[in-house]
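Data first, discussion second: the structure below is written as structure tokens.
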Amino acid sequence: MTLQKIPTYCYQCVCGPDLLKIVVKDGTPVAVEPNFDVSDKHPAGGRVCIKAYGLIQKMYNPWRVKAPMVRTNPRKGVDEDPGWREVSWDEALELVASKLRKVRGRGLLDERGYPRLAVTLGGAGTPQAYFGTLNAFFAACGPIDFSLGSGQGVKCYHTEHLFGEYWHRAFIVAADVPYTRLVISFGHNDNASGGVTGVWRNAHARVNGMRWVQVEPHLSVTGATADEWIPIKPKTDAAFLYGMLHTILHEMRWQDVCDLEFLKRMTNSPYLIGPRGYYIRDPESRKPLVWDKLRGEPRAYDDATVSEPALVGRFRVGRCVEIGPDGETWEYEDVECRPAFDLLIEHMKPYTPEWAAKICDLSSDVIRRLAREFISSAMVGATVEVDGVKMPLRPVAILLGKTVSNGWGAYQAVWARTILQSLVGALEVPGSILGVTIRLNRPMFDRLESVKIGADGFMAQQLNPTDRERWEAARVGIPITVSLRGPLFSGVYAAMKTGVTMVSIVHGRVLTAYANPDRIIIP
């Protein structure tokens, strides 16, 4: 009998790769086991998730596909037999290659400018990041439509995915637990869904003093192992977060607890807002204006000589313009303006912990206590050296579960979470929430390659036009949702600076947007 243990890895989900060994007896795989040979290099010490142990059963499934299959019945339907026919690899490769040659012969783009070649990889648009040299083949092919996922438009309408792309250029965010002191998790069941690496990292962090608070209706695995479980009424998480925001902005002296330098220099909190809810701009350069407290006058947002931009107050600005969606412009000779941060404070005034407590079926004391713990754990002003580089340390992270960021109230929950993190400068820095490797924006090989500086100093976003002349009301090609229907994004003409952004939109108007400039830390 010959016995081998062959090292490989599992990448059945985005929590991997989990390193493992396949036990092979007399040439036949019979078992999966951890790979402790790499315990000093693998984040989970060479351990493997329980799902990987099912790979052997999967391999010997009597209904498994053993060779390339070609459909012989072109008709589709529940009662139609696909007529699958097993073919050789040579035949399969020649079939695909002949179709690719035909596409290239007609031209890579059709008459409307859309790719003739579409690729779906069976996993909602993310697995192509893991397909190794296949990505090089895709790159060499030319333009490809990757919009045909595996049902994400039906089953996965994650608000965190959508706005994570806007604010982090990432599919979701994760807590930087090696440095995090406090995690407030709203239904994020990380000890069940984070994979063996996530559980391992969380366990180490807890030993090192990290506190985990789980806010969720039911007692999940993560809730049962948390330092504190707060049972909340289902789908009321946004109200809880709004109550925390009110506590910080109206019951605490925000000037003493918020990261003012972050708000002034790395966000658009000081941008002046006009009477219609949009940025007030210089009439010639069209740049947004801030109020220079020392000079007592408006200056361009990127004027390096402005040492003290105002965050609150009411200011009279002379000749200026306000520009809304699709370039609609209003000119002023004298107008009262307020910084975006001032409007944020006003906006959060009604959302007291008492208001939130009635909705969440909790005590208002719990909301206030957690807000104060969030502030005290943020360590505003602290720094840490990582690989010889000195960076801000903000060891607090608010995580959201899938149900929280799906459906009604999802946008408000993601918005409030990001505003809370922004108040203390806890975005994309050690200890805070970090964008993960997975993303929707192309190119797939580099998260930063999709980051381009656009108007007003923010990260450029690829949005379809919404003006009357160019808006496409009907489907004109692939993907099906080629046009933006209605005014959903009409207020999002300002996205964000290089790295991470927070845009606050109320009734279609930008109140405030937070962004990280070139000092952003990308993992």
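Just so you know, all these numbers are worked out from the coordinates, no wet-lab data involved. Source: prediction; values computed, not measured. Counting neighbours? That spans all protein chains shown, and the Cβs are built from the backbone with ideal geometry, glycine included.
For this structure, a couple of remarks:
- Each principal axis of the Cα cloud of the stretch 226-310 was taken in turn, and the coordinate range along them, longest first, works out to 54, 28, 21 Å.
- Which of 262, 341, 163 has the fewest Cβ neighbours within 10 Å, and the rest in rising order: 163, 262, 341
- Per-residue 3J(HN,Hα) values for the stretch 21-36, derived from phi via the Karplus relation 6.51 cos²θ - 1.76 cosθ + 1.60 with θ = phi - 60°, read 10, 9, 7, 10, 10, 6, x, 10, x, 10, 6, 10, 8, x, 10, 6 Hz in sequence order (x marks Gly and Pro).
- Net charge of neighbours whose Cβ lies under 11 Å from the Cβ of residue 46, counting Lys and Arg as +1 and Asp and Glu as -1: -1
- Anisotropy class of the stretch 300-342 from Cα gyration tensor, a/c 1.5 cut: prolate
- Overall form of the stretch 340-449 per C-alpha gyration tensor (a/c, 1.5; a/b vs b/c): oblate
- Taking the average, over residues, of other Cβ atoms within 10 Å as the packing measure, peptides 223-234, 172-183 rank 172-183, 223-234 from highest down.
- With an a/c value of 1.5 or above and a/b not larger than b/c for the gyration tensor axes a ≥ b ≥ c computed over the alpha-carbon atoms, the stretch 3-59 is described as oblate.
- Ascending count of other beta-carbon atoms within 10 Å, so fewest first, for 394, 286: 286, 394
- When peptides 265-277, 28-40, 200-212 are sorted by average Cβ neighbour count within 10 Å, with the highest value leading, the order is 265-277, 200-212, 28-40.
- Of 49, 119, 12, farthest towards positive along the dipole that unit charges on Lys, Arg, Asp, Glu beta carbons give the stretch 1-146: 119
- For the stretch 263-340, convex hull of alpha carbons as volume per residue, Å³: 85
- Measuring r between the beta carbons of residue 285 and residue 162 and using R0 = 35 Å, the FRET efficiency lands at 0.65.
- Of the residues 116, 64, the one with the fewest other Cβ atoms within 10 Å heads the list, and the complete ranking is 64, 116.
- Annotation: peptides 140-146, 386-392, ranked by per-residue average of other Cβ atoms within 10 Å with the highest first, follow the order 140-146, 386-392.
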